[in-house]
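Okay, structure first, notes after.
The values are calculated or read from the model by the stated rules, or taken from the named source; none is laboratory data. Predicted model only: the values in this text are computed from it and were never measured. Every residue, glycine among them, receives a Cβ derived from its backbone with ideal geometry; neighbour counts consider all protein chains shown. Just the protein is used for accessible areas: all its heavy atoms, side chains included, with ligands, DNA and RNA removed. Shrake-Rupley method; radii C 1.70, N 1.55, O 1.52, S 1.80 Å.
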Amino acid sequence: MACRAVEWLFELQEAGDAEAPRRAFESWLAEHPDHRRAWEHIQRVNARLHSVADNAPPVRKALLGGPRHRRRELLIALLTAGATSGLWLHSGHGRRSTGLLADLRTGVGERRTLELADGSELAINSDSALDVHFDDQARQLTLHRGEILIRTGQDPARRPFIVLTRYGALRPLGTRFAVRILPDAGHLAVFEGAVAVQHGGDTAPRVTLQAGEQLRFAPGLDEAPQAADENAVAWREDILVAANMRFADFLAEVGRHRHGRLACAPEIADWRVSGTYRLDDTDRILDVLRASLPVRIHYLTRYWVTVHPAA
């Protein structure tokens, strides 16, 4: 959604006073309340970006000087990063909430696996950030951004293991599970054992997910558990497994592991894709798509890629 809003920003700038692009934009804006929210957010990000430029000559020179295509490429990368991460450029709290000051972080395309002090195994997906706090009372992880896969260890002190997110708290019971931060909710998938979910405040009811179940959770969100898919955490092995996956969703997953924006034209969004793909070379994935599907791939810049149906 945010990426499309960024597209509109540049399309309207280039269209000038042309009426047709403006009418198309107004139609898109009216389609869904999320479109208007995304557009307003992009406007705020753009204003903050230019505010920073006004007070930082090197940034202003980069944004306003140099060849036009270079300025455009830089603005696209910065706006996309600001829109998708919710980055607060002037706020220390924003740096913490988006993980810029987190204990553990991964960059885009980076995945890590490590052992925690209690013997738990922690795998961290691309573009993720979390804090780790172990004391005499509890073993606590706070996931700010991204996704983690945890296999909890046996703690001699029998301290509870807690995962905190802005959407709720999770208490695993000797288990292996994955937690992901989505734009509007948390996502929990349990593969072994069980995990108790606290949706919101202290008075909110808990639900316990068993092995083989997954759930989106957030305050006020009441959804039934669904069947968990082990393939969803194949990123642990640097692999993306698609089984009849919607094409737009497939590209969104690939996009988590490369810089910039990757999307498809609306008319092919509902195509279905199956296969196993290596995440350590996303350009190779695009080459495979071009060779195996009737598509063409348009690079506005190397950080702004759109897949279209072949002519």
For R216 and S292, extending 7 Å from Cα along the Cα-Cβ vector and measuring point to point gives, in nm, a value of 2.8
Surrounding net charge for D184, when Lys and Arg each add one and Asp and Glu each subtract one, Cβ distance under 15 Å
+2
Could you work out what % of the accessible surface of the range 104-230 is carbon and sulfur, using a 1.4 angstrom probe and leaving DNA, RNA and ligands out of the count?
46
FRET E, pair R23, A269, Förster distance 25 Å, beta-carbon r, rounded to 0.05:
0.65
Once you put a point 7 Å from the Cα of E11 and another 7 Å from the Cα of E31, both along the Cβ direction, what distance in nm separates them?
0.9
Carbon and sulfur: what percent of the range 238-309's accessible surface (1.4 Å probe)?
49
The range 238-309, accessible area per residue, ligands and nucleic acids excluded (1.4 Å, Å²)
50
Contour minus Cα-Cα distance for A224 and D184 (0.36 nm per residue)
12.7 nm
Take the Cβ-Cβ distance between Q154 and D131 as r, set R0 to 25 Å, and report the resulting FRET efficiency rounded to the nearest 0.05.
0.65
Between the range 147-175 and the range 273-291, what is the C-alpha centre distance in whole Å?
34
